[in-house]
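Notes for the one structure printed next.
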Amino acid sequence: MRRTLKSLFALLLVSISFTQNSFAKTVTAINSGTWTSGSTWSATLASGDLLEIPNGITVQVTSNMDLKSYTFTIDVAGVLDFVGGGAKLNLGALSQINVTATGEIFGNSNASQVIAIGSNNVYNSKNLNVITGPSYATSATPGFLAQPVTLPVKFESFSVAVQGSSVSVQWSADENASTNFYTVERSTDASNWNTVETVNATHHSNEASDYSYTDNTIQATVVYYRIRQTDISGSVTYSQTKEITESTVSKINVYSNGGKIFLQFATPLTARVSVRIVSLSGQVLMQQDIAHANGLCTINASNLSTGNYIVSLSDGSSFMQSVKLFL
């Protein structure tokens, strides 16, 4: 009976810390502590997540963690510490562990302290007490291998802009041959990140590669975006973080009357707004900047012929809105 209760308690601890779903996110160790402690991680762990152990943080594995049905990518920049006999980390076959230059996996020379990815034991504390980086391990590697030294990807540009009820995410990057793919990540608190799209690298060797993604599922009033680049060894590079707020997304009512274009701003905008009148063939016919967009603004377009035009509004960074209008 005592053994049964102990087993049920262990299962309860695991169920508190792990769930399974298909919506991948980035979860960060925000406090030093045991793997199963709810205060260690920034969110509940789920299969498919990227787990980050930052420099200065120690996560302890103190029991047999049977996570073979979970797929994790674990980036260790701090310490992954195995404590006591039987401290094991059993991961799904598609998992990967990356140890950065500041990271360390540590045990105390105990043969029962093991990391297994699928059926492959990549770490045994008795054979090799300490793993340092940069190194990585998968279900196909004979233990931890040194990561090839490559230059990190340089993000040339990264922008987010509102387009009606959607958000356009665009970035440009100088790549190298080891660049594998990009992940568009979204957050409502700039701490817990969810994957919304994965884009394969195009590897333009002589010029920066341009990418874009349109997010049509915005619901929160404040949304953050970032781009995570992953190379073939599993190492990652992050772009800066961009923010879209409710005031940014506020719609602008655009209408015409008597050769004039009227712009009704629901909320004041502090940034300078550029207004362009564009023909249906794409030719810019007029452009006017509004320094303090607030309330009703008027643009005189009486010099244009009667017909259909595109009115495009943008502050150059956080929003863009286009409306087809008859003058």
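Rule-based calculations on the coordinates, nothing more; no lab input. The model shown is predicted, which means the values in this text are computed figures rather than measured ones. When we count neighbours, we look across all protein chains shown, and the Cβ atoms used for this are built from the backbone with ideal geometry, even at glycine.
Some observations on this one:
- Chain lengthening between THR241 and SER168 when straightened (0.36 nm per residue, less Cα-Cα): 24.8 nm
- Amide H contacts for LYS126 (H built 1.01 Å from N in the peptide plane; partners 5 or more residues away or on another chain; cut-off under 5 Å): ASN110, ALA111, GLN113.
- Cross-link reach is defined here as a Cα-Cα straight distance under 17 Å, omitting same-chain residues fewer than 8 places apart; for LYS68 the aspartates and glutamates meeting it are ASP49.
- Cut-off 14 Å between beta-carbons: net charge of the residues surrounding ASN180, Lys and Arg +1, Asp and Glu -1: -1
- Once both labels are positioned 7 Å from their Cα atoms along Cα-to-Cβ, the gap between ILE299 and THR198 label points is 4.2 nm.
- A crude spin-label estimate for the pair GLN288 and THR132, with each label 7 Å from Cα along the Cβ direction, gives 6.6 nm.
- Taking amide H as placed 1.01 Å from N in the peptide plane, ILE30 has its amide H under 5 Å from the amide H of TRP41, SER42, each at least 5 places away in sequence or on another chain.
- Counting beta carbons within 10 Å around each of TRP171, TRP193 and listing the fewest first gives the order TRP171, TRP193.
- Ordering of 99-106, 211-218, 277-284 by packing [mean C-beta count within 10 Å, highest first]: 99-106, 211-218, 277-284
- Rounded to 0.05, the FRET efficiency of the ASN108 and ASP189 pair, given R0 = 51 Å and the Cβ-Cβ distance, is 0.85.
- P(r) tail fraction, segment 250-326 - alpha-carbon pairs more than 19 Å apart, %: 28
- Local net charge near ASP49, Cβ-Cβ under 15 Å (Lys/Arg +1, Asp/Glu -1): 0
- Across segment 270-276, coupling constants 3J(HN,Hα) worked out from phi with the 6.51/-1.76/1.60 Karplus curve, θ = phi - 60°, read 7, 6, 5, 9, 9, 10, 10 Hz, and Gly and Pro carry x.
- Computed from label points 7 Å out along Cα-Cβ, the spacing between THR62 and SER312 is 6.0 nm.
- Tensor-based shape of segment 55-119 (alpha-carbon gyration tensor, a/c under 1.5 rounded, otherwise prolate or oblate): oblate
- Scaling the Cα radius of gyration of segment 154-246 by the globular reference 2.2 N^0.38 Å produces a ratio of 1.07.
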